[in-house]
Every structure is written in C-alpha cells, then in structure tokens.
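**Student:** Following this message is one structure expressed as structure tokens.
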Amino acid sequence: MVHDVVIIGGGPAGLTAGIYVKRAMLDAVLIEKMGIGGQIIVTDLVENFPGFLEISGADLASKFEEQARKFGLEMKTLFEVSSIEDNGKTKTVKTSEGDIETKSVIIASGTTPKKLGVKGEIDFTGRGVSYCATCDGFFFRDKEVVVIGGGDSAITEAIYLTKMAKKVTIVHRRNELRAEKINQEHAFSNPRISFVWDCILEEIVGKKIVEKVILRNVKTNATSELKTDGVFIYVGLIPNTAYADVKKDEWGFIIANDKMETSVKGIFVAGDCRVTPLRQITTAVGDGAIAAVSAERYLEKL
Ligand code: NAP
C-alpha cells in the first residue's frame with residue numbers, strides 16, 4: 001500500500017500536520033521513535049501557547065494527540081527512521097519496523113539536547129548529571145544544583161528546579177543571558193537562583209555521584225570549584241535529521257521555503273528541526289499546518 005503522507009515525529013509540529021492532512025481526507029500515518037508528544041512532554045509549564053493561561057507540556061501534548069485521534073490519524077510509536085528513499089513520485093521511508101511506501105513525507109522529528117563533551121559528563125549521567133529537570137528534579141529535593149547555559153531552556157528549567165532544590169546556580173559562558181526577557185526577569189528575582197558569569201564547565205567530579213564541578217573563567221582563565229549535588233545541562237539542540245537526504249545548514253537543520261518545501265519534491269519539513277528564527281510550540285504548530293497544506297497541494301498536482 002502507498003500512503004498519501006507519512007509524518008515523521010509525534011510532537012506539536014507532526015500532530016498538527018496530522019490534524020490538517022486528515023481534515024483534508026488524505027491517507028496518512030504518523031510514525032514516532034518514542035512516545036507521542038515530543039519534547040514538550042518534559043516541559044513543566046507552558047504559558048505562551050495562546051488559549052491556555054498555564055498548562056503543563058504533558059497535558060498540552062495529550063490534547064494535541066486527542067485531537068489528532070479524533071480526525072482518525074493513524075499513529076505508530078517505536079518506529080525509528082533510518083532513511084528516506086526518493087523514487088520520484090513515491091518515497092520509501094525505511095524504519096526499524098520495515099519499509100513504508102508513501103507519495104509524500106512531512107519531517108517533524110525535532111531536536112535532541114546537545115551534550116557538552118566534558119570530562120565526567122557521560123560517567124555521571126543518571127548519577128547527578130541530567131538533561132531533564134522535569135524527569136529528575138525530584139531527586140534533588142533540598143539539594144544544590146548547577147544549571148549550565150543561558151538560553152530559554154536553561155532559565156525556565158532552573159526556575160522549575162527551585163521548586164525542589166534549595167539552591168540553583170546558573171553557570172553561563174557570557175555575562176548576558178540569551179533567554180527571553182520575561183524569563184530572565186523571573187530568574188533574576190528568584191531568591192533561590194544565583195549566577196556565575198563568564199564561566200564554562202570544565203569537569204564534573206565525584207566518586208559514585210556528582211560532588212563538585214570545575215569551572216573555568218573565560219576572561220581570566222582561572223579555574224574554580226563549586227560543590228554541587230547535580231548538574232543540569234541545557235546548551236542547545238541537535239536536529240534529528242541525520243536520516244534525511246535533503247538540503248541542510250551546517251548544523252543539520254533542514255532548509256525549507258515558506259511553504260515548508262525542502263530541496264526534494266514531495267518532502268516537507270515542520271518544527272524545530274528546520275532552519276527557523278524561533279523554536280516554540282506556536283511556531284511548530286504553524287509549520288505543521290503549512291507543511292500539511294503544501295503536501296495536499298503537491299498530491300493534487302501529482
Ligand atoms: P539555545 O537558545 O541555543 O541556548 C543555548 C545556551 O547554551 C546559550 O546560552 C549558549 O550560550 C549556551 N551554550 C552553547 N554551547 C555551550 C557550551 N559549549 N558551553 C557553555 N554554554 C554553551 O538553546 P535552548 O535554550 O535549548 O533553546 C532552544 C530553542 O527553544 C530556543 O529557540 C528557545 O527560545 C526555545 N525555548 C523556549 C522556551 C520558552 O519558554 N519560551 C523554553 C525552552 C526553549 P550563548 O548564549 O553564549 O550562545
């Protein structure tokens with residue numbers, strides 16, 4: 001069987017694309033390598049998705065999923081894509097569970113948190129080093145933690161961690177944050193958060209679990225030690241696009257035009273894994289809708 005559309009990724013972009021293609025009466029299947037919902041599942045609080053004053057990422061994701069199911073979107077989890085073969089009018093999506101034939105593809109596979117690559121990072125992952133405050137914050141009740149990074153992820157997760165940890169130290173490599181101003185203000189006014197500026201993480205040290213970090217000041221080159229029970233790393237994102245043979249930028253984000261068309265006819269992209277000035281739930285859902293309509297028009301011409 002040849003589907004009209006295969007959507008790769010079950011986050012906000014993929015689920016929105018799914019809602020739109022099903023409402024256009026197309027035969028579509030969404031495949032996801034983990035569970036439906038994407039990265040927002042581990043977001044404690046979303047307060048910038050219009051229509052919801054405050055909602056947890058997990059609740060918002062389940063609403064997206066419920067809506068996609070209502071329109072009959074078929075979803076398959078634990079399907080990991082290894083490549084997409086372009087046969088012209090059809091594509092073969094090669095997955096861990098076998099090949100899927102389709103006339104078009106919407107790539108919405110998002111991003112993965114970047115690793116720092118410092119000494120101790122891998123050894124202490126799960127023993128004090130984490131990339132997910134929502135998953136692991138609970139283990140740091142009344143403890144002291146360090147958050148690395150100055151973007152929105154680092155700042156919002158640091159604020160979340162203050163609900164459990166008694167002290168959160170944000171270590172940033174510059175003396176100015178990259179995060180949205182409102183998030184910065186929340187962090188600056190939080191009495192449990194302190195900042196270490198102009199420093200990078202050089203090493204994570206401990207015996208069985210994390211005991212301290214070694215920091216290096218990038219201006220003076222001086223190193224210092226900071227005792228801590230945990231290290232939360234938020235230093236950016238890697239796009240999940242290695243399987244896709246389409247035009248990308250130097251970091252692997254997929255290049256598309258304003259119709260979400262990639263360099264390969266019949267392959268569209270939506271959400272965080274594309275080159276975009278903003279990576280938010282709002283922009284992901286917008287991309288998903290555009291990609292779906294573009295796929296529909298492509299199929300009409302086909
Ligand atoms: P990001 O915006 O790329 O920020 C990464 C941060 O890590 C930057 O502050 C960067 O420093 C720092 N960094 C990068 N490499 C480093 C290294 N080797 N050592 C030390 N620090 C390093 O990534 P993000 O915070 O994950 O956000 C990704 C996207 O999601 C953004 O578009 C963001 O707005 C969005 N987001 C939004 C919200 C929200 O509440 N609105 C929440 C989470 C994420 P420099 O600043 O010096 O480059």
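**Student:** Which of the residues belonging to the range 122-138 are more than 11 Å from the ligand (Cβ to nearest atom) and either loosely packed, with under 15 Cβ neighbours inside 10 Å or part of a loop (DSSP other than H, G, I, E, B) (or both)?
**Tutor:** Those that are more than 11 Å from the ligand (Cβ to nearest atom) and either loosely packed, with under 15 Cβ neighbours inside 10 Å or part of a loop (DSSP other than H, G, I, E, B) (or both): ILE122, ASP123, PHE124, GLY126, ARG127, GLY128, CYS132, CYS135, PHE138.
**Student:** Identify the single condition in (1) exposed (fewer than 15 other Cβ atoms within 10 Å of the Cβ); (2) closer than 25 Å to ALA68 by Cα that VAL293 does not satisfy, given that it satisfies every other one.
**Tutor:** With respect to (1) exposed (fewer than 15 other Cβ atoms within 10 Å of the Cβ); (2) closer than 25 Å to ALA68 by Cα, VAL293 is out only on (1).
**Student:** Does the range 1-30 hold any residues that are surrounded by fewer than 24 Cβ atoms within 10 Å (Cβ to Cβ) and more than 11 Å from PHE71 (Cβ to Cβ), and which are they?
**Tutor:** Those that are surrounded by fewer than 24 Cβ atoms within 10 Å (Cβ to Cβ) and more than 11 Å from PHE71 (Cβ to Cβ): MET1, VAL2, HIS3, ASP4, ASP27, VAL29.
**Student:** Please determine, by comparing only the residues of the range 17-43 that are under 14 Å from the mean Cα position of the chain (by Cα) and in a loop (DSSP other than H, G, I, E, B), which one is farthest from MET260 (Cα to Cα).
**Tutor:** Out of the qualifying residues, it is THR43.
**Student:** Return only the number of the condition from (1) buried (at least 17 other Cβ atoms within 10 Å of the Cβ); (2) under 27 Å from LEU26 (Cα atoms); (3) in contact with a strand residue (DSSP E or B) (Cβ under 9 Å, 6 or more places away or on another chain) that VAL285 does not satisfy.
**Tutor:** (3)
**Student:** More than 24 Å from the chain's Cα centre (by Cα), in contact (Cβ under 8 Å) with a residue 12 or more places away in the chain, on the phi < 0 side of the Ramachandran plot and surrounded by 15 or more Cβ atoms within 10 Å (Cβ to Cβ): is that true of VAL231 in this structure?
**Tutor:** Taking the combined requirement at face value, the residue does not satisfy it.
**Student:** Follow-up. Looking at (1) exposed (fewer than 13 other Cβ atoms within 10 Å of the Cβ); (2) under 30 Å from GLU54 (Cβ atoms); (3) more than 10 Å from the ligand (Cβ to nearest atom); (4) not β-branched (Val, Ile, Thr), find the lone condition where GLU144 falls short.
**Tutor:** (1)
**Student:** Which of the residues that make up the range 104-142 are over 30 Å from LYS248 (Cβ atoms) and basic (Lys, Arg)?
**Tutor:** Once the filter is applied, which keeps residues that are over 30 Å from LYS248 (Cβ atoms) and basic (Lys, Arg), the range 104-142 yields LYS119, ARG127, ARG141.
**Student:** If you don't mind, another one. Out of the range 180-189, which residues are closer than 16 Å to TYR234 by Cβ and either basic (Lys, Arg) or more than 7 Å from the ligand (Cβ to nearest atom) (or both)?
**Tutor:** Those that are closer than 16 Å to TYR234 by Cβ and either basic (Lys, Arg) or more than 7 Å from the ligand (Cβ to nearest atom) (or both): GLN184, HIS186, ALA187.
**Student:** So LYS103 ticks every box in (1) touching a residue at least 12 places away in the same chain (Cβ under 8 Å); (2) outside any strand (DSSP E or B); (3) more than 11 Å from the ligand (Cβ to nearest atom) but one. Which box is left unticked?
**Tutor:** If we test LYS103 against (1) touching a residue at least 12 places away in the same chain (Cβ under 8 Å); (2) outside any strand (DSSP E or B); (3) more than 11 Å from the ligand (Cβ to nearest atom), just (2) comes out false.
**Student:** Right, next: Where the second residue is more than 8 Å from the ligand (Cβ to nearest atom) and in a helix (DSSP H, G or I) and the first is touching a residue at least 60 places away in the same chain (Cβ under 8 Å) and at positive phi and lies in the range 268-284, which pairs have Cβ atoms under 7 Å and are six or more apart or on separate chains?
**Tutor:** Hits for this filter: GLY271/PRO12; GLY271/ALA13; GLY271/ALA284; GLY271/ASP287; GLY271/GLY288.
**Student:** Can you tell me which residue in the range 167-194 is surrounded by the fewest Cβ atoms within 10 Å (Cβ to Cβ), limited to those that are touching a Lys or Arg at 6+ places or on another chain (Cβ under 8 Å) and under 19 Å from VAL129 (Cβ atoms)?
**Tutor:** LYS167
A short reminder: the numbers here are calculations on the coordinates, not readings from a lab. These figures come from a predicted structure and were not determined experimentally. FYI the Cβ positions are ideal-geometry reconstructions off the backbone, even for glycines, and counts take in every protein chain you see.
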